[in-house]
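Taking it in order: structure first as structure tokens, then the write-up.
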Amino acid sequence: MKRKVFFLSDSTGMTAENLGRSLLTQFTQIRFESVTKPFIDTPEKAQRVASEINREAKKLPDRPLVIDTIVDSEVSQIIKQTDSFHIDIFSTFLEPLEKELGVHSSHTVGHPAIFNENGHSVDKAYMQRIEAIHYALANDDGMQVHRYSDADIILIGVSRTGKTPSSVYLGMQFGIKAANYPLIPDDLESITLPAALVSHKKKLFGLTIRAGRLAEIRNERKPNSHYANLRNCIDELRQAEMLYRQHRIPYIDTTQLSIEEISARMLQRAGIERRVSSL
């Protein structure tokens with residue numbers, strides 16, 4: 001079974017998409033085909049999107065789902081009139097909150113927290129994410145170890161255990177500055193921390209994975225190589241986990257976890273607050 005879903009927003013669309021996907025993942029028996037439409041902030045743009053939604057409704061056996069975070073009432077009303085199942089996230093939650101708090105919400109798009117040199121408003125959480133993403137990319141795979149003092153967390157593990165995507169996701173989603181460092185055979189054989197990591201031991205977090213899965217991943221990159229050999233994968237992972245235990249470095253097995261679950265568990269076990277989650 002398949003359903004079409006539109007994520008609409010008068011800003012970047014991140015909130016609508018993230019919350020919407022969280023809701024839809026509860027329905028594993030349905031395959032969702034999604035479209036994200038950001039910056040729907042005028043009646044004209046809303047009319048164009050509404051026409052697209054109505055066209056889809058005529059083509060498909062089931063009406064599209066629409067999940068939006070549009071604040072402007074005129075724009076929102078246009079979307080509500082489409083032939084769709086519509087969820088207005090802001091009205092769903094803001095109205096009960098207004099009653100509970102006894103005040104009216106600002107009903108503004110986003111929340112300008114800081115201003116740039118040109119006087120334009122800049123969302124602080126957005127800027128934290130961008131800075132953290134740049135940090136993750138600049139400090140990938142053991143690069144620029146002299147900048148590890150700026151890291152919130154340093155992911156370590158053997159090759160292809162998910163260090164890079166986890167680092168980038170932590171920055172993109174939570175504004176966390178995550179570096180990552182690959183454990184090479186010399187590190188594993190001696191079961192000692194690389195010199196670059198010794199002074200940052202409290203920031204380290206290890207990743208591991210089942211050997212069979214690691215061999216599969218490595219075979220896609222270098223088929224029939226020693227690097228991808230199952231015996232070699234078993235040995236590397238065994239040595240890495242010995243190193244984690246010897247130096248009391250927290251670690252998790254990523255085999256059956258999504259990147260969202262990996263990141264959430266790392267932050268919880270490392271005691272790191274999600275920077276951009278606060279208001």
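Observations on the structure shown:
- Stokes-Einstein, applied to the Kirkwood radius of region 2-101 over Cα pairs at a viscosity of 0.890 mPa s and 25 °C, places its translational diffusion at 179 µm² s⁻¹.
- Working note: 222 nm ellipticity from helices only, DSSP H runs with n ≥ 4, each -39,500 (n - 2.57), summed and divided by the residues of the chain, gives -14000 deg cm²/dmol to the nearest 500.
- Amide H contacts for Tyr227 (H built 1.01 Å from N in the peptide plane; partners 5 or more residues away or on another chain; cut-off under 5 Å): none found.
- Applied to region 253-266, the Karplus parametrisation 6.51 cos²θ - 1.76 cosθ + 1.60 on θ = phi - 60° returns per-residue 3J(HN,Hα) values of 8, 8, 3, 10, 10, 6, 5, 5, 5, 4, 5, 4, 5, 4 Hz, with x for Gly and Pro.
- Cα gyration tensor, region 124-277 - rounded (a/c under 1.5), prolate or oblate: prolate
- The alpha carbon radius of gyration of the chain, expressed as a multiple of 2.2 N^0.38 Å, is 1.23.
- Sequence ranges 224-235, 77-88, ranked by mean other-Cβ count within 10 angstrom, highest first: 77-88, 224-235
- Cut-off under 5 Å, modelled amide H: who pairs with Ser11 long-range: Phe39, Ile40
- Theoretical FRET efficiency, 1/(1+(r/R0)^6), r = Cβ-Cβ of Asn224 and Lys59, R0 35 Å, to 0.05: 0.15
- If you take all other residues with their beta carbon under 10 Å from the beta carbon of Ile154, and give Lys and Arg +1 and Asp and Glu -1, the sum is +4.
- Interchain or long-range residues, amide H under 5 Å from Leu204's placed H: Ile154
- Each other residue within a Cβ distance under 15 Å of Thr164 adds +1 if Lys or Arg and -1 if Asp or Glu, for a net charge of +3.
- Beyond 24 Å in Cα-Cα separation lie the following of the pairs Lys37/Lys177; Lys177/Lys222; Lys163/Lys222; Lys177/Lys202; Lys59/Lys80: Lys37/Lys177; Lys177/Lys222.
- The chain - percent relative contact order, Cα under 8 Å, separation 6 or more: 13 percent
- Stretching Arg210 away from Val103 to a fully extended chain increases their span by 33.3 nm, per 0.36 nm per residue minus the current alpha-carbon distance.
- A Förster radius of 35 Å, combined with the Cβ-Cβ distance separating Met1 from Ala138, puts the computed FRET efficiency at roughly 0.20.
- Given R0 = 45 Å, the distance between the Cβ atoms of Ser149 and Thr255 translates into a calculated FRET efficiency of 0.90.
- Taking label points 7 Å from Cα along the Cα-to-Cβ direction, Phe27 and Glu44 give a separation of 3.4 nm.
Any read-out appearing in this document is the output of simple, stated calculations on the displayed coordinates, not a laboratory observation. All values reported here derive from a predicted model rather than from experimental measurement. Glycine gets a Cβ as well: all are built from the backbone with ideal geometry, and neighbour counts include every protein chain shown.
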